[in-house]
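To keep things clear, I will list the structure first and then write my remarks on it.
The values are calculated or read from the model by the stated rules, or taken from the named source; none is laboratory data. On a predicted model such as this, the values are computed, not experimentally measured, just so you know. Note that we place each Cβ from the backbone using ideal geometry, even for glycine, and neighbour counts take in every protein chain shown.
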Amino acid sequence: MAAIIPIPALSDNYVWLVREGQGAAVVDPGDAAPVQAYLEREGLTLTAIAITHHHWDHVNGIAALVERFSVPVYGPAREAIPHRTHAVAEGDAFAFGDTGVELSVLDVPGHTAGQVAYVGSADGRRLTFTGDTLFTCGCGKLFEGTPAQMVASLSKLAALPGDTRVYCGHEYTLSNLRFARAVEPGNKALVERQAREQAKRDRGLPTVPSRMDEELATNPFLRAAEPTVFEAAQARAGRPLANEVDAFATLREWKNAFR
Ligand SMILES: [Zn+2]
């Protein structure tokens, strides 16, 4: 049975570790120390690293890990990733170390210009590693891309089956939920999700992963074309909005200013 373990790193990052037998593989090691501590404690050998994008809090642990373990490092072809051995882009697929998990690649630019997401399944359970593109109940800031790019990227992820587990790069769910409720105060699924996720945090548990169907029901950035969300964006903008991309751009700016 492959297990997927959250390794908290830095202030609010998750390094995702897939383990199977005595082997392990990690996604986005922003810090090597907590990964090495876990590997040593569990007696595991690292067999692969996959990277979603070039930001320091996703790549800074690579150097120390590849010094210790000679492993393939998969990363987006259109970004500079330290120690990358395999440049990947949409359409590529690879075995993720010896975990038995096969990952395929989606190009999801927006947060960064060349970001990728990984899609696969572990023991028949569908999953996606979304980096800083799709967050639980939110999405990444547009540091290098346009709203139209991000809407297209999020649409690719939203098209995955509803039971796909969403493993993102940060624990941002509660603050994302506060924003989502400001956008859609009448969404009952949001009220229920907020209670559920708050209970997890109160017990010190991660709120990640979520499920894609849960995101479709509650994540305002996947719901920009829904009438309630579109109208809220229009009210915020104070002018008629032409389309989903305009509504998404308004939501993203609203969230940037939201406290
Ligand atoms: Zn980032």
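Looking only at the range 111-149, which residues are of a type in the set (A, V, I, L, M) and either in contact with a Ser or Thr (Cβ under 7 Å, 6 or more places away or on another chain) or part of a loop (DSSP other than H, G, I, E, B) (or both)?
Within the range 111-149, the subset of a type in the set (A, V, I, L, M) is 113, 116-117, 119, 122, 127, 134, 142, 148.
Across the range 111-149, the qualifying residues are Ala113, Val116, Ala117, Val119, Leu127, Leu142.
Which ones in the range 215-232 are touching a residue at least 24 places away in the same chain (Cβ under 8 Å) and in a helix (DSSP H, G or I)? Don't jump to the end; show me each part of the working.
Here is the first cut: in the range 215-232, the residues touching a residue at least 24 places away in the same chain (Cβ under 8 Å) are 215-224, 228-229, 232.
Glu215, Leu216, Ala217, Thr218, Pro220, Phe221, Leu222, Thr228, Val229, Ala232, listed by residue number.
Go through the range 17-29 and count every residue that is buried (at least 22 other Cβ atoms within 10 Å of the Cβ) and in a loop (DSSP other than H, G, I, E, B).
Total meeting the criteria: 2.
So which residues in the range 113-149 are more than 26 Å from Ala3 (Cα to Cα) and basic (Lys, Arg), if there are any at all?
Within the range 113-149, Lys141 is the sole residue that qualifies.
What number of residues in the range 128-141 are out of contact with any Gly (no Cβ under 6 Å at 6 or more places or on another chain) and either more than 16 Å from the ligand (Cβ to nearest atom) or of a type outside the set (Phe, Trp, Tyr) (or both)?
Going residue by residue through the range 128-141, those that are out of contact with any Gly (no Cβ under 6 Å at 6 or more places or on another chain) are 128-130, 134-141.
Those still in the list that are either more than 16 Å from the ligand (Cβ to nearest atom) or of a type outside the set (Phe, Trp, Tyr) (or both) too: 128, 130, 134, 136-141.
Of the residues in that region, 9 qualify.
Among the residues of the range 85-97, count how many are crowded, with 21+ Cβ neighbours inside 10 Å and part of a strand (DSSP E or B). Outline the logic, then answer.
Taking the range 85-97 as the starting set, the residues that turn out to be crowded, with 21+ Cβ neighbours inside 10 Å are 88, 96-97.
Those still in the list that are part of a strand (DSSP E or B) too: 88.
Final tally of qualifying residues: 1.
Counting only residues that are part of a loop (DSSP other than H, G, I, E, B) and exposed (fewer than 12 other Cβ atoms within 10 Å of the Cβ), which one in the range 186-214 is farthest from the chain's Cα centre (by Cα)?
Going through the range 186-214, the residues part of a loop (DSSP other than H, G, I, E, B) turn out to be 186-187, 203-209.
Of the ones still in play, those that are also exposed (fewer than 12 other Cβ atoms within 10 Å of the Cβ) are 186, 203-205.
Details: Gly186: 26, Arg203: 22, Gly204: 20, Leu205: 17 Å.
Residue satisfying both the conditions and the ranking: Gly186.
Might you check whether a residue that is closer than 16 Å to Val18 by Cβ and either touching a strand residue (DSSP E or B) at 6+ places or on another chain (Cβ under 8 Å) or surrounded by fewer than 21 Cβ atoms within 10 Å (Cβ to Cβ) (or both) occurs anywhere in the range 74-84?
Filtering the range 74-84 down to residues closer than 16 Å to Val18 by Cβ leaves 74.
Now narrow it down to the ones that are either touching a strand residue (DSSP E or B) at 6+ places or on another chain (Cβ under 8 Å) or surrounded by fewer than 21 Cβ atoms within 10 Å (Cβ to Cβ) (or both): 74.
Yes - at least one qualifying residue is present in the range 74-84.
Check whether at least one residue in the range 171-180 is in a helix (DSSP H, G or I), closer than 28 Å to Arg19 by Cα, among the β-branched types (Val, Ile, Thr) and in contact with a helix residue (DSSP H, G or I) (Cβ under 9 Å, 6 or more places away or on another chain), and report yes or no.
Looking for residues that are in a helix (DSSP H, G or I), closer than 28 Å to Arg19 by Cα, among the β-branched types (Val, Ile, Thr) and in contact with a helix residue (DSSP H, G or I) (Cβ under 9 Å, 6 or more places away or on another chain), one finds at least one in the range 171-180, hence yes.
Could you tell me whether the range 30-37 includes any residue that is among the acidic types (Asp, Glu), closer than 22 Å to Gly120 by Cβ and assigned to a loop (DSSP other than H, G, I, E, B)? Outline the logic, then answer.
Residues of the range 30-37 that are among the acidic types (Asp, Glu), as a first pass: 31.
With the extra rule that they be closer than 22 Å to Gly120 by Cβ, the set shrinks to none.
No, the conditions are met nowhere in the range 30-37.
Do we find a residue being part of a loop (DSSP other than H, G, I, E, B), hydroxyl-bearing (Ser, Thr, Tyr), at pLDDT 95 or above and within 16 Å of the ligand (Cβ to nearest atom) anywhere in the range 151-164? Full working, then the answer.
To start, the set of residues in the range 151-164 that are part of a loop (DSSP other than H, G, I, E, B) comprises 159-164.
With the extra rule that they be hydroxyl-bearing (Ser, Thr, Tyr), the set shrinks to 164.
The next check asks that each one be at pLDDT 95 or above; those that pass are 164.
From what's left, within 16 Å of the ligand (Cβ to nearest atom): none.
Checking the range 151-164: not a single residue is part of a loop (DSSP other than H, G, I, E, B), hydroxyl-bearing (Ser, Thr, Tyr), at pLDDT 95 or above and within 16 Å of the ligand (Cβ to nearest atom).
Which residue pairs have Cβ atoms under 7 Å apart, sit 6 or more places apart or on different chains, and have a first residue in the range 100-125 that is acidic (Asp, Glu) and a second that is surrounded by fewer than 16 Cβ atoms within 10 Å (Cβ to Cβ)?
Every condition considered, the pairs that remain are Glu102/Ala93; Glu102/Ala95; Asp107/Ala89; Asp107/Glu90; Asp123/Met1.
Return the total of residues in the range 98-110 being surrounded by fewer than 24 Cβ atoms within 10 Å (Cβ to Cβ) and part of a loop (DSSP other than H, G, I, E, B). Walk me through it before giving the result.
Our first condition is that a residue be surrounded by fewer than 24 Cβ atoms within 10 Å (Cβ to Cβ); within the range 98-110, this holds for 98-102, 104-107, 109.
Keeping just the survivors that are part of a loop (DSSP other than H, G, I, E, B) gives 98-101, 109.
Final tally of qualifying residues: 5.
In the range 30-43, which residue that is buried (at least 18 other Cβ atoms within 10 Å of the Cβ) and of a type in the set (A, V, I, L, M) is nearest to Gly100 (Cα to Cα)?
Across the range 30-43, the extreme among qualifying residues is Leu39.
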